[in-house]
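J.: Just dropping this structure here.
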Amino acid sequence: MDVPIVLVHGLRVSGSMWRPQVEALRSAGRRVAAPDLPGHGERRGEPFTLDGAVEAVCEAVDGLGGRALVVGLSLGGFVSILAAAAAPDRMAGLVAASCTARPAQALTHVYRIPTVLMDRLPDKGQAVNERFHRLMLRGDGADAVLDGGLAMEAARPVIDEIAEMDVLGALGSYPGPVWLINGARDHFRIHEKRFLDACVDGRLLNVPRAGHMVSLDQPENFTQIVSDAADVAAVREGASRRRLADPPAGRDG
């Protein structure tokens, strides 16, 4: 039986960013959900908290039958790692993309200072971010991101919530299979070896010619990675069920 897939978006964007993956995976007959996290997409105006974000992921998993492969990118990767640590029995596997940097360092240098500067603009940096996405993303990638809106106001609460999270500890507490995926050009690769070492059952893949938005820079490649991960998770699920159904025979007296 196929393992369902939950896709968790990044900072400021929404579940719409996963449109290429959702369309391709569903056309292949897979069950997929791409929820909006609190404060993003259709949930703009709600306060962002890590507990609320983890709850959103777990609700999406429950909506697909109670166990799924969870795939997160950037902020979604951090949230997915926390969800896997909090509810490992609901996670058939974890794909953490574009998030192999410890938040305290990464957010200070990459997000916190630009966010302060953006907040000084009349539109909080909305126009700048829209132009950036249209410049950096090819094909329909920019539309996929922008159609769900940009929650510029979410940046500060997100940074405050995750800046001190123990992401390596959370990752190390999840016993299932983990795929760490990075674009080869991504600035968030700085601690990828430490993240890999923290995994109980991990593997690391770097996607050529891709940056931070690896799922949109190389949508076909990324979708194939997710499909392969779901297949591996399904095989493991089947093997686990068979072991439970057929326990080893006891020794003769």
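J.: R0 = 22 Å: FRET efficiency of Asn206 with Ala239, Cβ-based, nearest 0.05? Let's see the in-between values first.
T.: Numbers: r = 29 Å, r/R0 = 1.30.
Between Asn206 and Ala239 the formula returns 0.15.
J.: Here is a further query. Might you report the magnitude of the Cβ-based charge dipole of the chain about its Cα centre, with Lys and Arg at +1 and Asp and Glu at -1, to the nearest 20 debye? Can you show the working numbers first?
T.: Values: 28 positive and 32 negative charges, 112 e Å.
That gives the chain a dipole magnitude of about 540 debye.
J.: Turning to a different aspect of this structure: Counting only residues 5 or more places away or on other chains, whose amide H sits under 5 Å from the amide H of Val8 once H atoms are built in the peptide plane?
T.: Close amide H contacts, sequence-distant or interchain: Val71, Gly72, Leu73.
J.: Take each uninterrupted DSSP H stretch in the chain, measure its Cα extent along the helix axis, and return the ones at 24 Å or beyond whose mean Kyte-Doolittle hydropathy is at least -1.0. Don't jump to the answer; show the numbers that get you there.
T.: Values: long enough: 219-245 (39 Å, -0.33).
Qualifying helices: 219-245.
J.: Using a Förster radius of 41 Å, what is the FRET efficiency between Ala127 and Glu55 based on their Cβ-Cβ separation? Nearest 0.05, please.
T.: With R0 = 41 Å, the Cβ-Cβ based efficiency is 0.80.
J.: Over 5 Å intervals from 0, what percent of Cα-Cα pairs in the chain sits in each interval?
T.: 1, 6, 14, 19, 20, 17, 10, 5, 3, 2, 1, 1, 0, 0, 0, 0, 0
J.: How much net charge surrounds Gly139 when only the other residues with a Cβ under 12 Å from the Cβ of Gly139 are counted, with Lys and Arg +1 and Asp and Glu -1?
T.: Numbers: positive: Arg19, Arg134, Arg138; negative: Asp140, Asp143, Asp217, Glu220.
Its environment carries a net charge of -1.
J.: So for each of 200-206, 28-34 I average, over its residues, the number of other beta carbons within 10 Å; can you give me the resulting order with the highest mean first? Don't jump to the answer; show the numbers that get you there.
T.: Details: 200-206: 14.7, 28-34: 17.0.
Final packing ranking: 28-34, 200-206.
J.: Would you kindly state how much longer the chain becomes between Arg138 and Glu46 on full extension, computed as 0.36 nm times their sequence separation minus their alpha carbon distance, in nm to one decimal?
T.: The Arg138-Glu46 span can extend by a further 30.0 nm.
J.: Tell me, in nm to one decimal, what length is gained between Asp160 and Leu64 on full extension, where the rule is 0.36 nm per residue of separation less the Cα-Cα distance?
T.: On the way: separation 96, 0.36 × 96 = 34.56 nm, distance 3.09 nm.
Full extension of this stretch gives 31.5 nm more.
J.: Stretched out fully, how many nm does the piece from Leu168 to Leu196 gain, at 0.36 nm a residue minus the Cα gap?
T.: Numbers: separation 28, 0.36 × 28 = 10.08 nm, distance 0.93 nm.
Taking 0.36 nm per residue and subtracting the Cα distance, the gain is 9.1 nm.
J.: Pairs of Cα atoms under 8 Å, at least six residues apart: use those to get the relative contact order of the chain, whole percent. Can you show the working numbers first?
T.: Values: 480 pairs, mean separation 60.3, N = 253.
It rounds to 24 percent for the chain.
J.: Also: Assign one of three labels to the stretch 149-213, namely rounded, prolate or oblate, based on the Cα gyration tensor with a ≥ b ≥ c the square roots of its eigenvalues; rounded applies when a/c is under 1.5, prolate when it is not and a/b is larger than b/c, and oblate otherwise. Write down the numbers at each step before the final one.
T.: On the way: a/c = 2.33, a/b = 1.23, b/c = 1.89.
Here the stretch 149-213 falls in the oblate category.
We did not get these values from a lab; they are worked out from the coordinates using the rules stated. Source: prediction; values computed, not measured. Quick reminder, even Gly has a Cβ in these numbers, built from the backbone with ideal geometry, and neighbours come from all protein chains shown.
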